[in-house]
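Readers should treat all values here as calculations from the given coordinates under stated rules, not as data from a laboratory. For clarity, every value in this text was computed on a predicted model and none was experimentally measured. Using ideal geometry, Cβ is built from the backbone for each residue, glycine included, and neighbour counts are taken over all protein chains shown.
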Amino acid sequence: MLVFFLFAANGVDAQHHQKINDSTVYGEGLTRQSADMFVNGSFDEYVIWKDERGEVINAHDGGVLFVDGVYYWYGLALRAMGRDTSVNNGAATTTGVNLYSSVNLHQWKYEGVILSTSNDPAHPLFGPMRMERPKIIYNPRTKKYVMWFHYVGYPGTHKQGAGYADAGVAWADKITGPFHFVGYHRPINDSGAVKDCTLFLDTDTIAYFLYDRKMGDGSRCLHVVKLSDDFLQSTDQWAKIDIAFRREAPVLIKKNGMYYLVTSDVSGWKANAAKIFIAKNIFGPWADIGNPCVGEQSETTFHSQPTAAFDVKGLDQSIIMLERHNTENFIKCSYIWLPIQFDKNQQPFLKYETEWRLGNKK
Ligand code: GAL
């Protein structure tokens with residue numbers, strides 16, 4: 001049985017549509033400033049990316065969605081605290097999910113909080129808590145935007161019990177929100193903790209939730225669950241991607257009818273080696289095709305962990321977003337954006353670029 005809680009919408013706060021100026025694009029710590037380059041910096045550098053107000057973009061482990069000619073970048077609003085500051089550390093949020101918009105993927109305008117935490121201690125979104133790895137897709141049937149995430153209730157510390165490792169679900173009429181929280185649940189047989197996760201909208205408009213399912217005995221494996229037509233619930237159609245055991249940070253890409261599932265190893269905030277699984281059918285069988293990263297620091301995924309991927313409109317170009325976790329100060333985690341490249345056998349690979357321009361990497 002799926003347990004869903006119904007809650008009234010959380011108001012979007014007054015920061016919505018703040019006045020902006022159009023000066024700063026990139027911030028301090030960056031010498032090669034450019035308004036038309038993605039700047040990742042060297043492997044040990046945390047490049048600051050600022051919005052048009054000159055404030056650090058605070059949208060972690062989320063994704064980018066293209067709506068009506070505009071790119072929307074959303075992610076968890078973390079706090080300027082280190083991991084060990086207290087139990088309520090910087091990896092939890094007291095804000096919610098932030099949204100930014102851009103027409104060129106370089107200059108980002110702050111659009112406000114689209115799913116807000118609650119100030120009511122009785123509310124499941126009472127912060128600090130986590131809406132970890134939030135992902136949003138659009139449902140063309142219901143015309144709603146649907147968000148799923150790894151729900152961790154107050155105080156946002158990872159645990160295995162119900163309410164601390166579940167699939168959180170929310171929806172909105174517009175990408176700019178407000179998102180209405182539907183509830184949280186455990187998608188398969190009401191059991192197994194929900195850890196890292198992603199959403200995938202297939203070309204036939206069927207949607208899937210993929211997640212790291214952790215069982216009571218500590219075993220864990222990625223699973224894929226088909227969603228209901230409205231994308232708000234799990235269905236009983238699911239598969240265990242048994243070859244993808246002890247993998248995190250799932251990012252699913254489809255190219256030429258093939259599914260490519262990029263994943264990280266399991267080592268907390270410490271960077272590790274990525275691995276890709278490939279399948280013709282999303283329910284399997286899946287095959288392991290190894291580490292997609294090439295060159296220096298390929299064993300640490302270039303000192304970062306996968307977040308999401310999206311297509312650039314008008315170009316034959318997909319971008320993978322990764323995150324270089326900064327456990328000294330979570331809002332200064334840096335965003336690593338790389339082109340997804342394909343070799344002559346049509347296998348994807350990732351090559352680090354300290355900086356790169358759109359249009360010359362395929
Ligand atoms: C990572 C995971 C993150 C976060 C972190 C906490 O491995 O990918 O999403 O959960 O562990 O330790």
Spacing of the two label points (7 Å from each Cα toward its C-beta) at Trp269 and Val67, in nm = 3.1 nm
Please sort 147-160, 233-246 by packing, taking for each peptide the average over its residues of neighbouring beta carbons within 10 angstrom, highest first.
-> 147-160, 233-246
Aspartates and glutamates near Lys174 by alpha-carbon distance under 15 Å, same-chain residues fewer than 8 away left out - which ones?
-> Asp68, Glu111
Could you work out how far apart the two model spin labels at Thr205 and Asp190 are, taking each label as a point 7 Å from the Cα in the direction of the beta carbon, and quote it in nm?
-> 3.3 nm
DSSP loop GluC sites (Glu not before Pro) with at most 13 other Cβ within 10 Å excluded, longest remaining stretch of the chain = 29-295
Fewest-first sequence of Val67, Val225 by Cβ atoms within 10 Å of each Cβ | Val67, Val225
For the chain, rounded, prolate or oblate, judged on the Cα gyration tensor with a ≥ b ≥ c (square roots of eigenvalues), a/c < 1.5 rounded, else prolate if a/b > b/c?
-> rounded
Extension gain from Ile278 to Met215, taking 0.36 nm per residue of separation minus the Cα-Cα distance = 20.2 nm
With both partners inside the chain, how many of the DSSP beta bridges are antiparallel, as a percent to the nearest 5?
-> 95 percent
Using 0.36 nm per residue, how much length does the chain from Thr354 to Lys159 gain when fully extended, once their Cα-Cα distance is taken away?
-> 66.5 nm
According to the square roots a ≥ b ≥ c of the eigenvalues of the Cα gyration tensor, what is the shape class of the range 248-362, taking rounded for a/c under 1.5, prolate for a/b larger than b/c otherwise, and oblate for the remainder?
-> oblate
Tabulate in residue order the Karplus-calculated ³J(HN,Hα) for the range 325-333, using 6.51 cos²θ - 1.76 cosθ + 1.60 with θ = phi - 60°, rounded to whole Hz; enter x for Gly and Pro.
-> 5, 10, 6, 6, 6, 5, 6, 9, 4
Full extension from Glu55 to Val87: what is 0.36 nm times the residue separation minus their Cα-Cα distance, to one decimal in nm?
-> 8.9 nm
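What is the calculated FRET efficiency for Ser102 to Asp316, with r their C-beta to C-beta distance and R₀ = 22 Å, to the nearest 0.05?
Using R0 = 22 Å, I get an efficiency of 0.60.
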Name the long-range amide H neighbours of Glu111: under 5 Å, sequence gap of 5 or more, or other chain; modelled H, no Pro or chain starts.
-> Leu99, Tyr100, Ser101
For the pair Phe43 and Ala80, the simple spin-label estimate (label points 7 Å beyond Cα toward Cβ) gives in nm 3.1 nm
Measuring from its Cα centre, the range 31-356 shows a charge dipole (+1 at each Lys and Arg Cβ, -1 at each Asp and Glu Cβ) which, in debye to the nearest 20, is 360 debye
